[in-house]
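Novice: Got a structure for you, written out below as structure tokens; questions coming shortly.
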Amino acid sequence: MVRRKLLILMTALGLILSMTTILRALESIPVNLAGLLQTLAVDEIDRATGEWKSNLVHYLKVEDGEWYQIEDPQGILGTRPLGRIFLSGKRIQNKVYVETASILAPDSKTVETVPETVPETVGEQKTLVALFNYPDKKIQPFTLQEVKNKVINNPDSVDNFIKENSYGKAWINADFIDWQTLPNNSTDYTGG
């Protein structure tokens, strides 16, 4: 009976220690980091709805070479492109939840007091449009001509959208590749 109580007590103590370790790992630690921001645009199909969804994923490479994924629930970083930044936030494991951010001067560790603007994108925007399917799903839901129309020919084309929103300062010069079959089945690319 004493052994059983001792075993139960040791098990409970082990669970408490395990929970303490987990909670410490999940503690948020205030951090101030400077480094190179890299932003990835991730497009994927929502498995529940079948609709395309897009989101931005930010990473910060700090001076010692370590990488942190940056979580930006308040949208502080927006669509900021690659560049050196200083940010403050809370770190939980390898993720940093940004609270404030500033642009750093090139090749400097000091904050530059410049407006946070992105350089204009003007002129010809070279674009490659390639149509792909899979060996296990050789569907071709639209023709190459339909894609060309959506990208450059129609009044509501992507090209016209860019021209209109840039006040004629930017446009698309697209090359097109007709349907190609990728080497692996669809599940090899989507994991499902």
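The values are calculated or read from the model by the stated rules, or taken from the named source; none is laboratory data. The structure presented is a predicted model; accordingly, all values stated were derived computationally and were not measured. Using ideal geometry, Cβ is built from the backbone for each residue, glycine included, and neighbour counts are taken over all protein chains shown.
Novice: Quick one: in the stretch 134-192, of everything that is small (G, A, S) and not in a loop (DSSP other than H, G, I, E, B), which residue is farthest from E124 (Cα to Cα)?
Specialist: Checked the stretch 134-192; the qualifying residue farthest from E124 (Cα to Cα) is S186.
Matching residues to (1) under 26 Å from L182 (Cα atoms); (2) modelled with pLDDT of 80 or more:
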| position | (1), (2) |
| --- | --- |
| R47 | yes, no |
| W52 | yes, no |
| E63 | no, yes |
| K90 | no, yes |
| E99 | no, yes |
| I103 | no, no |
| P115 | no, no |
| V118 | no, no |
| D136 | yes, yes |
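Novice: Could you pull out the residue among T181, T143 that is of a type in the set (S, T, N, Q), at pLDDT 90 or above and touching a Lys or Arg at 6+ places or on another chain (Cβ under 9 Å)?
Specialist: Going through T181, T143 in turn, the sole match is T181.
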